[in-house]
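Structure first, then comments.
The values are calculated or read from the model by the stated rules, or taken from the named source; none is laboratory data. The shown structure was predicted, so the numbers you read here are calculated from the model rather than taken from an experiment. Don't worry about glycine lacking a Cβ; one is built from the backbone with ideal geometry, like all the others, and counts go over all protein chains shown.
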Amino acid sequence: MKPIVAGVAGTVLLAGTLFVGAVISDKILGDANGESKESAEQTKIPTTAAAQSAVYAPPSIEEVPDGPMKETILNGYELVNNTHVAADEYVGNQLSCTSCHAGAGIDEQAASLVGVTANYPQYIARSGDVVTIEERINGCMVRSMNGKKFDMNSEELEAMVSYFTYISEGVPIGAEREWAGTSTMKNVPIPDVTNGEELYAQSCITCHAVDGSGTGANTGPALWGENSFNDGAGMARMSKMAGYIKTNMPIGAAGTLTDQDAADLAAYILSQDRPEWANHDKDWPNGGRPNDIMNKEKREQVKNGTIDWEKVLSTN
Ligand code: HEC
Ligand code: HEC
């Protein structure tokens, strides 16, 4: 999608090529994280076309140059790659950021975080507000990690943001990251939960265990139960879960599942019990709440056979 440069109240000339909107209208609407790219409204800091060409070429963690930033970047990498150990007092489950953002955010297909610091601050429809990168990390902390927020000036956030900035080298401010949002399925087929259960037993239990509790945050993370993400996480939505499975799983044979298989698996996984998010009613305060969030009510409906999948999947 070509972002439309609209609602720019002032522009600044940078390096002769790049125009950055200095004021973001507080009326902008739209969806975040590739959820509804049809929206013509600007949600990211607007830039001219010259800033749009972003190339996927993150530096590796082995190449961090010596100097005063090195320890902080390496600490950030550790916090992202081994979160439930490195920040155990903040994490409420057995996941690390790597459990979803594979390769500590460097893997191109699995919710890549390369270039993420060039895309924040950003308007996020779920929050109904402009969100900084620190706030976005805390969003994954309280939902995907079922844990607590880091303090705004904590060493943890400082280190993670330093690491994300390091792997975002060369991505221009406001660039469209073609590789972001690839894990969202646009049209999710009506799922068959029983088939999902069979597929799960065939292709997933070696790493994720029969009861979904997993074999380790970075070898086969918990997919449901108390050590998994809560139902306020992006991954608790059918479109995100099915898309992630289709693009990335099973490891070693990624890309072999059909959309239907991935939807069946997603429906089976998301109909199992998981921690509940207490603030569903505060999400999407300006409207646009998607129907595919698999909360407790929908899990019950799957169990008692009353779920209306057409309706659940109607906004995707
Ligand atoms: C259970 C899976 C899961 C875990 C664990 C997780 N995230 Fe996320 N995260 C997501 C999903 C899904 C998105 C939305 C991405 C999308 O829609 O493309 C996201 C989005 C993000 C974004 C915004 C990305 C963007 O392109 O705008 C950041 C930053 C982020 N996560 C950081 C983290 C950090 C840091 C951790 C660990 C503390 C973490 N996440 C743990 C699933 C997860
Ligand atoms: C060989 C081991 C392996 C197999 C088999 C496998 N996974 Fe995974 N899975 C992983 C690893 C490792 C991760 C962490 C991300 C990464 O490294 O790619 C992961 C992450 C995930 C995630 C995101 C993390 C979370 O907690 O939600 C989902 C969803 C998932 N797998 C579903 C599946 C499904 C469904 C299957 C079967 C079709 C499957 N996986 C088969 C190893 C495996």
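For this structure, a couple of remarks:
- Flag if Met141 is more than 10 Å from ligand 2 (Cβ to nearest atom) and not in a loop (DSSP other than H, G, I, E, B): yes
- Residue within the range 163-171 that is surrounded by fewer than 17 Cβ atoms within 10 Å (Cβ to Cβ), assigned to a loop (DSSP other than H, G, I, E, B) and at pLDDT below 95 present: yes
- Verdict on Ala175 being within 15 Å of ligand 1 (Cβ to nearest atom), closer than 25 Å to Val116 by Cα and among the hydrophobic types (A, V, I, L, M, F, W, C): yes
- Taken over the range 171-196, the criterion of being under 16 Å from Ala266 (Cβ atoms) and in contact with a Phe, Trp or Tyr (Cβ under 6 Å, 6 or more places away or on another chain) is satisfied by Ser183, Ile190, Val193, Gly196.
- Pairing each residue of the range 232-252 that is closer than 18 Å to Glu108 by Cα and aliphatic (A, V, I, L, M) with any residue that is near ligand 1 (Cβ under 8 Å from one of its atoms) and at pLDDT 95 or above, provided the two are 6+ apart or on different chains, yields C-beta distances under 8 Å for Met235/Cys100; Met235/Ser144; Met235/Phe229; Met235/Tyr244; Met241/Met235.
- Selection count where residues are surrounded by fewer than 20 Cβ atoms within 10 Å (Cβ to Cβ) and modelled with pLDDT under 95, scope the range 182-204: 3
- Looking only at the range 92-118, and only at residues there that are among the hydroxyl-bearing types (Ser, Thr, Tyr) and outside any loop (DSSP other than H, G, I, E, B), the one that is farthest from Ile137 (Cα to Cα): Ser99
- Candidate set from the range 96-118 (those that are of a type in the set (A, V, I, L, M) and farther than 12 Å from Thr219 by Cα); member that is farthest from ligand 1 (Cβ to nearest atom): Ile106
- Residues satisfying the stated conditions in the range 80-95, i.e. buried (at least 24 other Cβ atoms within 10 Å of the Cβ) and more than 7 Å from ligand 1 (Cβ to nearest atom): Asn93
- Among the residues making up the range 204-246, those that are in a helix (DSSP H, G or I) and of a type in the set (A, V, I, L, M, F, W, C) are Ile205, Cys207, Met235, Ala236, Met238, Met241, Ala242, Ile245.
- Hey, Ala54 of a type in the set (A, V, I, L, M, F, W, C), within 13 Å of ligand 1 (Cβ to nearest atom), modelled with pLDDT of 50 or more and in contact with a Lys or Arg (Cβ under 8 Å, 6 or more places away or on another chain) or not: yes
- Matching residues in the range 83-134 - criterion: being away from ligand 2 (no atom under 16 Å from the Cβ) and among the hydrophobic types (A, V, I, L, M, F, W, C): Ala86, Ala87, Val116, Ala118, Ile124, Ala125, Val130, Val131, Ile133
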